[in-house]
1. Go through the stretch 84-104 and give me each residue that's in contact (Cβ under 8 Å) with a residue 24 or more places away in the chain and under 17 Å from Arg120 (Cβ atoms).
2. Residue by residue through the stretch 1-23, note down the ones that are at pLDDT 80 or above, aromatic (Phe, Trp, Tyr) and in a loop (DSSP other than H, G, I, E, B).
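The values are calculated or read from the model by the stated rules, or taken from the named source; none is laboratory data. Computed from a predicted model, the values in this text were never measured in an experiment. Positions of Cβ are backbone-derived with ideal geometry, glycine not excepted, and every protein chain shown enters the neighbour counts.
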Amino acid sequence: MFSFAAPRRRRRPSLTPMIDVVFLLLVFFMLASQFGRDTAVPLSAGGGRAPYSGPPRLIDIGATDLRLNGVVIDAETLAARLEQLTQDRDDLIILRADDDATLQRLIDVAHSVQQAGFTRLSVVE
């Protein structure tokens, strides 16, 4: 008759491939999901719709201070002073950050100028 080998002990299935698949799905959904809404401040990198005209409107952004055309100014009075220097809300306003200013500080100032109604901002180095 037939001679069969002794029955082997049944092996338990490996969970490693399933753990790998779950990890890959976790990474995929973390990268594909959007956790918050980012806001964008529209800035131009130079060149624009119209040539620059009118009085200078240069905001120097330091780590702790703001200067409008070289004169130290408070953040609260910046919008009112810019209104005196512009004829229209679409006039170009130039932002320049000092070496000690952080990117967050630049974005905060740009956002406050945009909230004041000025739509055309440009960042220079």
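1. Those that are in contact (Cβ under 8 Å) with a residue 24 or more places away in the chain and under 17 Å from Arg120 (Cβ atoms): Leu85, Thr86, Gln87, Arg89, Asp90, Asp91, Leu92, Ile93, Ile94, Leu95, Arg96.
2. Within the stretch 1-23, no residue meets the criteria.
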